[in-house]
1. Find the centroid of the Cα atoms in the range 59-132 and in the range 18-58, then give the distance between the two in whole Å.
2. Using the number of other C-beta atoms within 10 angstrom as an exposure proxy, rank 61, 83 with the fewest first.
3. Normalise the Cα radius of gyration of the range 80-195 by 2.2 N^0.38 Å (N = residues in it) and let me know the number.
4. Computed over the Cα atoms of the range 144-195, what is the convex hull's projected area averaged over all directions, in nm²?
5. Could you line up 37, 110 from fewest to most neighbouring Cβ atoms inside 10 Å?
6. Viscosity 0.890 mPa s, temperature 25 °C: Stokes-Einstein D of the range 83-141 from its Kirkwood Cα radius, in µm² per second?
7. Using the Kirkwood formula on the Cα atoms of the range 1-85, what hydrodynamic radius do you get, in angstrom to one decimal?
8. Sort 74, 3, 52 so that the residue with the fewest other Cβ atoms within 10 Å of its own Cβ comes first and the one with the most comes last.
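Only the coordinates and a few stated rules stand behind these numbers; no lab work does. No experiment lies behind these values; they were computed from the predicted model shown. Here Cβ is always computed from backbone atoms with ideal geometry, including for glycine, and neighbour counts include all displayed protein chains.
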Ligand code: DGI
Ligand code: FE
Ligand code: FE
């Protein structure tokens with residue numbers, strides 16, 4: 001794996017200044033949340049740093065790279081190319097940043113949609129991406145921001161509900177994994193249901 005400072009410089013040159021700032025916000029937030037739940041800080045830092053590593057590549061290039069690396073695009077990804085960067089990002093983290101830790105790679109891979117039975121690291125990256133301080137606030141965000149440090153599952157649940165609402169408003173196709181993530185939490189009895 002590359003040295004952390006090398007990774008920072010590499011990611012800085014791969015991202016727009018705006019997305020680099022977002023990324024640093026995700027790193028800072030992931031470290032803070034990881035400390036609360038006794039999660040490995042190094043894993044959280046690397047997953048956060050790399051989570052959007054290909055997000056600024058044009059969609060056409062992302063699709064081409066997926067072909068090259070034999071990453072299959074599912075129906076929802078084909079309809080909404082915004083979803084490709086997380087799967088492709090995990091592959092690039094492995095190839096270009098030499099990350100081998102499958103927990104880090106999965107946290108990158110599922111950071112946009114979530115998934116059923118998310119690991120603690122998945123949850124931390126998903127949430128940090130959602131609440132990092134550079135994101136402009138919207139209704140419900142402050143609630144997720146405070147829950148993140150006290151009730152991790154409840155925070156993930158609220159963020160998933162808000163994401164689903166947002167995707168429906170935008171009339172974009174919802175990825176089935178997002179619903180699976182929500183249902184898993186509902187069934188786990190770890191959260192208070194919305195009603
Ligand atoms: O990469 P970021 O902008 O930091 O954040 P992200 O990885 O959560 O990506 C956000 C984009 O992905 C935004 O356009 C909404 C979209 N998105 C998130 N969840 C879903 C989704 N789009 C679809 N179609 N389905 C989802 O479940
Ligand atoms: Fe992303
Ligand atoms: Fe992000």
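1. 13 Å
2. In increasing order of surrounding Cβ atoms, one gets 61, 83.
3. After normalising by residue count via 2.2 N^0.38 Å, the value is 1.06.
4. 3.8 nm²
5. Listed from fewest to most nearby Cβ atoms, that is 37, 110.
6. 202 µm²/s
7. 14.2 Å
8. The order, fewest Cβ neighbours first, is 3, 74, 52.
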